[in-house]
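See below for the structure under consideration.
Nothing in this text is a laboratory measurement; each read-out follows from the coordinates by a stated rule. Small disclaimer: the values here were computed from a predicted structure and weren't measured. FYI the Cβ positions are ideal-geometry reconstructions off the backbone, even for glycines, and counts take in every protein chain you see.
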Amino acid sequence: MSHDPFSSLTIIRGKLSYANPTGRRIIIHADRWQLAKLRWRGTASDEREFGFELEHPLAHGDLVWENDYGYYLIQQVPEAVLVITSHEITVTAALAWSIGNLHQPLQVNGHELIVPDDPAVRQLCQQQEIAFAAEHRVFQPIRSVVGHTHHHHH
């Protein structure tokens with residue numbers, strides 16, 4: 001047996017699509033910045049190491065590998081966000097525009113606007129008397145989704 005560290009690296013080129021994977025669920029934690037990349041390395045909760053060499057970025061909940069022990073899922077690390085709930089579309093639209101001007105990523109989830117917990121955004125909400133809640137959530141901003149629809153061929 002060689003002790004080359006790379007011999008144990010499992011290379012992942014994309015997500016798998018099994019409807020009902022079997023065995024135990026093994027988690028590979030990754031943050032939003034890692035998940036935006038095509039090449040990165042991750043370690044699963046069972047210490048197995050993965051090298052990602054992808055054509056398209058992975059997302060929270062993606063199934064990436066399966067073996068006799070179980071199946072491996074990507075779990076995005078929750079982060080500090082502000083959740084702004086408004087039922088006034090004009091308020092929401094104006095706020096989304098203002099947040100965009102601060103160059104902050106933004107997630108829209110039904111009646112919720114979700115943005116990174118940032119002092120500038122807090123100040124904006126306070127000035128406009130818009131209520132917000134500070135939470136920890138898996139943050140999936142719109143911009144990363146837009147990138148998925150444009151296929152770049154090299």
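For the chain, modelled as a GNM whose springs connect Cα atoms under 10 angstrom apart, the maximal fluctuation among Ala59, Ala80, Ala94 occurs at Ala94. Summing Lys and Arg as +1 and Asp and Glu as -1 over all other residues whose Cβ lies under 15 Å from the Cβ of Glu112 gives a net charge of -2. A protection proxy built from the mean count of other Cβ atoms within 10 Å ranks the segments 104-117, 35-48, most packed first, as 104-117, 35-48. Ranked for footprinting exposure by Cβ neighbours inside 10 Å, fewest first, Glu88, Glu66 give Glu88, Glu66. Fully extending the segment from Ala93 to Glu135 would add 13.0 nm, taking 0.36 nm per residue of separation and subtracting the current Cα-Cα distance. Computed from point charges on the beta carbon alone (+1 for Lys and Arg, -1 for Asp and Glu), the dipole magnitude for the chain about its Cα centre is near 240 Debye. Note on the chain: GNM, Cα springs under 10 Å; of Glu55, Glu129, Glu79, the largest mean-square fluctuation is that of Glu129. If both residues of a DSSP beta bridge must be in the chain, then about 70% of such bridges are antiparallel. Sparsely packed loop sites in segment 42-147 (the chymotrypsin sites (Phe, Trp or Tyr not before Pro) outside DSSP H, G, I, E and B with at most 15 other Cβ atoms within 10 Å) comprise Tyr69.
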